[in-house]
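So the structure is just underneath, and the comments pick up after that.
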């Protein structure tokens, strides 16, 4: 009888393991370093923020999380790598808002709604428009007046065609009835070098311009959030100026499609924990990035909703790919 009972217990245990293979894999995960792709150049604000997340998450996971930079293509190179990566949790990426936009503008090598696992959203940007401190353009009104008198002559740097720093300004320009000349760069570092060096007349970007504004080298004309920033409370938003343009581009951590739910949960919990880390909070504060947390289900819904809303924006701006 005892032997029969032992056999039944063994069979039940085996059945339990077969029914929950994800639990077994999750308990063993991770056993080696994890790659976290930053689709922007090293040294920019996104790179620095992602490295803070990676270091903090690595402590929670008990393994190193290595940030690998793959700049270019409007921030979509991480998405392209995700398509061919194994869904084992060892290759992750930041998927910026350009992965929701660029597919509506041109052919891409990924399907935004089918090729990724949306693990957790963590933060979002503060974007703004800057000019050199010695520029005669001292306000958005000055910019609009100049552009109306000189259509297409005002050049501004951005972080790539289809990125938020590009499209937010194009939306503002459309509503203001002006034409500006965008100049794409690979990331924040190049963009700042261009405006500081006088190669472009202005720049639209995330708060990598912050130290230059505080040092008196650049002048901040407006930010793109729904309300003014704590750090620059005297600077208006494009929305309050009447141009109805709001952009903050939430992002976090994503993986390839087909990931084991148990592994996804381990990663989600580790990255969520980073939001309570004082070191991470200090970096977010430095770059004026607020916490925008979404769990896996909410982030997946955000992806679906944003893909649809960005399609409408691209069509409204007349940038949709011709069929």
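Read the figures in this text as sums done on the coordinates, not as results from a lab. Keep in mind that this is a model prediction, so the values were computed, not measured. Cβ: placed from backbone, ideal geometry, glycine included. Neighbour counts: every protein chain shown.
Each residue, residue 226 and residue 281, gets one label point 7 Å from its Cα in the Cβ direction; the gap between the two is 2.3 nm. Considering helices alone, the calculated mean residue ellipticity of the chain at 222 nm is -13500 deg cm²/dmol, with DSSP H runs of length four and up weighted by -39500 (n - 2.57) and normalised per residue. Full extension of the chain between residue 214 and residue 84 yields a length gain of 42.5 nm, computed as 0.36 nm times the residue separation minus the alpha carbon distance. Normalised by the number of residues in the chain, the mean separation of alpha-carbon contacts (under 8 Å, six or more apart) gives a relative contact order of 27 percent. Packing, as the average of other Cβ atoms within 10 Å across residues, places the peptides 211-219, 264-272, 123-131 in the order 123-131, 264-272, 211-219, highest first. For segment 279-323, the convex hull spanned by the alpha carbon atoms encloses 118 Å³ per residue.
In summary, the convex hull built on the alpha carbon positions of segment 49-104 has an orientation-averaged projected area of 4.3 nm².
Using the Cα atoms as the points, what is the convex hull volume per residue of segment 51-155 in Å³?
Hull volume normalised by residue count: 165 Å³.
The calculated FRET efficiency for the pair residue 179 and residue 42, based on their C-beta separation and a Förster distance of 56 Å, comes to about 0.95.
Considering the chain at the alpha-carbon level, its Rg and Dmax are found to be 22.5, 96 Å. The eigenvalues of the Cα gyration tensor, multiplied by 5 and square-rooted, give segment 127-243 an equivalent ellipsoid with semi-axes of 18, 17, 14 Å from largest to smallest.
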